[in-house]
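See below for the structure under consideration.
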Amino acid sequence: MANFETPALREYPVIPLVQEGTMAHSRPFVAKPDIQASVGFPGELVENWEQKAVVKLGELVSQSRALQVFLDSCVKCGACTDKCHYYLGTSDPKNMPVARQDLLRSVYRRYYTFAGKYFPKLVGARDMTKDVLDEWYTYFHQCSQCRRCSVFCPYGIDTAEISMAARDVMDHVGMGQKYSNEIIGKLHKIGNNLGLPEPALRDTLEGLEEDVKDATGVDVKFPVDMKGAEVLLITPSADFFAEPHIDGLIGYAKVFHAAGISWTLSSYASEAANFSMFIGSHDNLHKVAVRIRQAALDLGVKRIVVGECGHAWRVAYSFWNTLIGPFDFLDQNYPVPQHICEFTYDLIQRGALTLDKTANDDKVVTFHDSCNVARASRMGNMPGGQFVIPREIIKACVNNFYDMPADTIGESTFCCGGGGGLLTDDLVELRVKGALPRMQALQQVVDEHGVNYLAAICAICKSQFTKVLPYYKHPMDMIGSVHGLVSNAIVLNAKQ
Amino acid sequence: MSLLTVIYALLFYAATALLAGGLAYKIWVYARTPQPLKIPTTPAPTTRLGVAVRMVKEVTVFESLFKSNKWIWLFGWVFHLCLLVELLWHLRYFTEPVWFFVPLLHWFIVFTGFGMLAGLAGLWARRFLVDRVRYISGPSDHLMLALLVGIAASGLTMKYLVHTDVVALKAFFLGLLYFSWQPLPADPVLLAHLALVSILMMVFPVSKLLHAPGVFFSPTRNQVDNPRERRWTAGWSAEIDNSKIGRPG
Ligand code: SF4
Ligand code: SF4
Ligand code: SF4
């Protein structure tokens, strides 16, 4: 394990005292020129970058009402200061949402506001310098864009928007983050984050068909590029081979099978994730998403269903219609896009699935609300459906379910610590420390109810927990997919 | 006409012009700037009416702040409520006959000056006592509190200690409104009170006081959660043309 200490869990969660600079050393690898080129950004710090950064910042603000309002409106009330898991886990004051915003606000003020131009000291306005840029790089890569701060801010100021803008500015002057940009580049080239080419994808899926056949004796199909299928499934590529994601994919396939609805994956659009959101790049956001429109049209499907992924569901639910709509070519009787949980829940409600809860009797389950689903999207037709539907699915599949404390779930959910383009080994310390509030809440239900299974609906959350659970003395396979539970419980061919 | 009256008359004209012009400009900027993507903080209302209700709760009972931190909520809410009552009460200096509801406020006005001070004191104390809030507080944050405390304190002083000639004061303000200037009573406390108020008016459009119009324009709070039902486009997203993409043939 690395050379930092895993924060200690306490009997009660406490808000730490400010300790300046504890995370000043934490920064992800910078993208090399070839990676930068693959996403359309300059390969290294451009000439005159200070000026270009300032111009870009002004441009972004003039194109976004959110930025315009957020940068003006903060009153420094402090309500958000104890809401970020990275502050709670690291004590570094620059991880308090308002302080993180101020890293950028100070520059914006200096160049674009009366007070900052003429009274910089008074309002904490700063020139754009190399130190400032480095500080941006450090601390805007300590924000998972989870939006917890925006729930609690009296003006709804969303630090995620500001992080995205800062990263976009940095990309434009040639200082990109290796992890996110490399992945986006791969997607442009091959169609998924992993760079998994079509033959490998087919192989993997054939292997899965065999595994399921061996385990259940049923021919559950995992079709690829099947023209005329009813449903196109867009799922994070981690579902194709990472544990425990893959159990989720098997669960989706079994649900489709049991419901008798034809479906297909696309080898051209074999990725739900869209990391372009993390770097705030509109062009990349559109370019990545448009593959899905293309695939849906090429395959002639009627519906699009999205697999378990947090930020991907945000992009799909909130942005797709804007980015790659209108979806007039799809069946309007179903929501476009539809979350796999909505899909499964609907079938459960109609009694179309046979579920045997005892198959999960070895598990005592709790559910982690992924932030992007919780605070940036919806499921079903009522506000808050994103909290109800996954829990109802779980409860239909297991006998033992317990929620974590109320102030750590639902709209107040704590991020896993690895979202927003931070799920990389060069940020392990941050990820472990940022997971503290979630681990604290988890520990509580472990102690009180003997919880041994943490269900999630986000590919990033699943990978992150797999990595950090051992630091907090839990087995790494404690994390699982919601549809992994469905997969265990579902009785195939029961109705025939 | 004394020089003092002229100075204060001009000061108030200037302050009013800066406040009105500055705010109008800012509101115009907010209204003009597009919000290209749907970003309401969810769970969010799915109808316009629902959004209106969310907004009303936000600006009347500070719903998010209440969820967030009971102390800040208490101090902030008491301060804003008392300020609102005080502002309405002050209408009696600008209206003749006085608007019907203003006299009804005299029950509250006994508390509101002190309420403002108490709220401000609480908020200011947090800037020293809570290490996180101390860290994020800059000189302008302290100055803003000082300004507001100064206004409340000078107002209370006139109310309870050194009374001023309110009839003459009203004549002065009505004179400003009707462009027939009347002499301003030369009480030092009154002059201080008025000077501080005019400073507040002038800094309003260039300071964090912009949270007042800002809250109404905040997309995380004022957007309807219906991106699947209705295609949303604005600004750069309105320029997207997918019509050429993926159509077979
Ligand atoms: S809660 Fe909002 S207004 Fe208050 S300090 Fe944080 S960002 Fe600023
Ligand atoms: S968006 Fe999340 S990670 Fe970023 S500052 Fe807000 S609470 Fe912290
Ligand atoms: S990875 Fe999961 S918990 Fe973390 S930001 Fe994404 S959705 Fe949130």
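The values are calculated or read from the model by the stated rules, or taken from the named source; none is laboratory data. Keep in mind the model is a prediction, meaning the values are calculated, not measured. Here the Cβ positions follow ideal geometry from the backbone for every residue, glycine too, while neighbour counts run over all protein chains shown. Heavy atoms of the whole protein, side chains included, go into the accessibility calculation; ligands, DNA and RNA do not. Shrake-Rupley method; radii C 1.70, N 1.55, O 1.52, S 1.80 Å.
Points worth noting:
- Close contacts from segment B:209-234, counting a first residue that is more than 7 Å from chain A (Cβ to nearest Cβ) and a second that is β-branched (Val, Ile, Thr) and surrounded by 20 or more Cβ atoms within 10 Å (Cβ to Cβ), with Cβ to Cβ under 8 Å and a gap of 6+ residues or different chains, come to B:Leu209/B:Val203; B:Gln223/B:Ile39.
- Test set (1) over 23 Å from A:Gly58 (Cα atoms); (2) away from chain B (no Cβ under 14 Å); (3) at pLDDT 95 or above; (4) in contact with a Phe, Trp or Tyr (Cβ under 8 Å, 6 or more places away or on another chain) - A:Gly185 fails condition number: (4)
- Residue within segment A:129-145 that is within 11 Å of chain B (Cβ to nearest Cβ), assigned to a helix (DSSP H, G or I) and within 28 Å of the chain's Cα centre (by Cα) present: no
- Candidates in segment B:59-104 are the residues that are in contact with a Lys or Arg (Cβ under 9 Å, 6 or more places away or on another chain) and away from chain A (no Cβ under 14 Å); of these, the one that is least open to solvent (accessible area, probe 1.4 Å) is B:Val102.
- Top-ranked residue of segment A:72-102 - restricted to ones that are at the interface with chain B (Cβ under 10 Å from one of its Cβ atoms) and β-branched (Val, Ile, Thr), ranked as nearest to ligand 2 (Cβ to nearest atom): A:Val98
- Out of A:Leu249, A:Leu233, A:Leu265, one residue alone is within 21 Å of A:Ala352 (Cβ to Cβ), away from chain B (no Cβ under 14 Å), touching a strand residue (DSSP E or B) at 6+ places or on another chain (Cβ under 6 Å) and buried (at least 24 other Cβ atoms within 10 Å of the Cβ). It is A:Leu233.
- Scanning segment B:23-45 for residues that are at the interface with chain A (Cβ under 7 Å from one of its Cβ atoms), surrounded by fewer than 18 Cβ atoms within 10 Å (Cβ to Cβ) and touching a residue at least 40 places away in the same chain (Cβ under 8 Å) gives a single hit, B:Pro34.
- Annotation note: of A:Gly89, A:Gly78, A:Gly43, A:Gly58, the sole residue that is at positive phi and open to solvent by less than 50 Å² (accessible area, probe 1.4 Å) is A:Gly78.
- If you check A:Val61, A:Val69 for being within 14 Å of chain B (Cβ to nearest Cβ) and more than 16 Å from ligand 1 (Cβ to nearest atom), only one passes: A:Val61.
- Test: residue in segment A:156-163 that is assigned to a loop (DSSP other than H, G, I, E, B), within 14 Å of another protein chain (Cβ to nearest Cβ), closer than 30 Å to A:Glu411 by Cβ and within 16 Å of ligand 3 (Cβ to nearest atom): yes
- Here A:Asp407 meets the list (1) within 16 Å of ligand 2 (Cβ to nearest atom); (2) in contact (Cβ under 8 Å) with a residue 60 or more places away in the chain; (3) of a type in the set (D, E, K, R) almost entirely, failing just condition (2).
Every residue, every condition in (1) more than 16 Å from ligand 1 (Cβ to nearest atom); (2) part of a helix (DSSP H, G or I); (3) within 24 Å of the chain's Cα centre (by Cα), yes or no:
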residue	(1), (2), (3)
A:Ala441	yes, yes, yes
A:Ala455	yes, no, yes
A:Lys462	yes, yes, yes
A:Lys467	yes, yes, yes
A:Pro470	yes, yes, yes
A:His474	yes, no, yes
A:His483	yes, yes, yes
A:Asn488	yes, yes, no
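- Being among the aliphatic types (A, V, I, L, M), more than 10 Å from chain B (Cβ to nearest Cβ), more than 13 Å from ligand 1 (Cβ to nearest atom) and more than 27 Å from the chain's Cα centre (by Cα) is a property that A:Val123 lacks.
- Condition check for B:Ala52: of a type in the set (Gly, Ala, Ser), open to solvent by 60 Å² or more (accessible area, probe 1.4 Å) and more than 10 Å from chain A (Cβ to nearest Cβ): no
- In the condition set (1) hydrophobic (A, V, I, L, M, F, W, C); (2) open to solvent by less than 10 Å² (accessible area, probe 1.4 Å); (3) within 14 Å of another protein chain (Cβ to nearest Cβ), A:Ala31 is compliant with all but (3).
- Applying the condition of being out of contact with any Leu (no Cβ under 6 Å at 6 or more places or on another chain) and within 11 Å of another protein chain (Cβ to nearest Cβ) to segment B:195-208 and asking which residue is farthest from B:Ala15 (Cα to Cα) yields B:Lys208.
- Residue in segment B:215-237 that is in contact with a Pro (Cβ under 6 Å, 6 or more places away or on another chain), in a helix (DSSP H, G or I) and open to solvent by 40 Å² or more (accessible area, probe 1.4 Å) present: yes
- Residue within segment A:136-153 that is of a type in the set (Ser, Thr, Tyr), within 24 Å of B:Pro36 (Cα to Cα) and open to solvent by 10 Å² or more (accessible area, probe 1.4 Å) present: no
- Segment B:128-158 - residue that is free of Cβ contacts under 8 Å to residues at least 12 places away in the same chain and not aliphatic (A, V, I, L, M) and, of those, nearest to B:Ile109 (Cα to Cα): B:Phe128
- A:Phe319 fulfils the conditions (1) over 30 Å from A:Ala435 (Cβ atoms); (2) surrounded by 24 or more Cβ atoms within 10 Å (Cβ to Cβ) except for a single criterion, (1).
- A search for C-beta distances below 7 Å between a residue of segment A:340-362 that is among the basic types (Lys, Arg) and any residue that is in a loop (DSSP other than H, G, I, E, B) and crowded, with 22+ Cβ neighbours inside 10 Å, counting only pairs 6+ apart in sequence or on different chains, returns A:Lys357/A:Val398.
- Failed item, numbered, when A:Asn372 is tested on (1) within 16 Å of ligand 2 (Cβ to nearest atom); (2) away from chain B (no Cβ under 14 Å); (3) open to solvent by 10 Å² or more (accessible area, probe 1.4 Å); (4) not acidic (Asp, Glu): (2)
- The residues of segment A:322-347 that are more than 9 Å from chain B (Cβ to nearest Cβ), open to solvent by 50 Å² or more (accessible area, probe 1.4 Å) and part of a loop (DSSP other than H, G, I, E, B), listed by number, are A:Asp328, A:Gln332, A:Asn333, A:Tyr334.
- Scanning segment A:62-88 for residues that are under 25 Å from A:Val169 (Cβ atoms) and part of a loop (DSSP other than H, G, I, E, B) yields a total of 9.
- Residue match in segment A:413-429 (condition: assigned to a helix (DSSP H, G or I) and either within 12 Å of ligand 3 (Cβ to nearest atom) or in the same structural domain as A:Ala273 (by TED's automatic domain parsing) (or both)): no
- Counting only helices (runs of 4 or more DSSP H) that fall entirely inside segment A:202-317 and contain at least 1 residues that are within 19 Å of the chain's Cα centre (by Cα) and without any contact (Cβ under 8 Å) to a residue 12 or more places away in the chain, the qualifying elements are A:282-299.
- Among the numbered conditions (1) out of contact with any Gly (no Cβ under 9 Å at 6 or more places or on another chain); (2) of a type in the set (A, V, I, L, M); (3) within 16 Å of ligand 2 (Cβ to nearest atom), the only one that A:Ala396 does not meet is (3).
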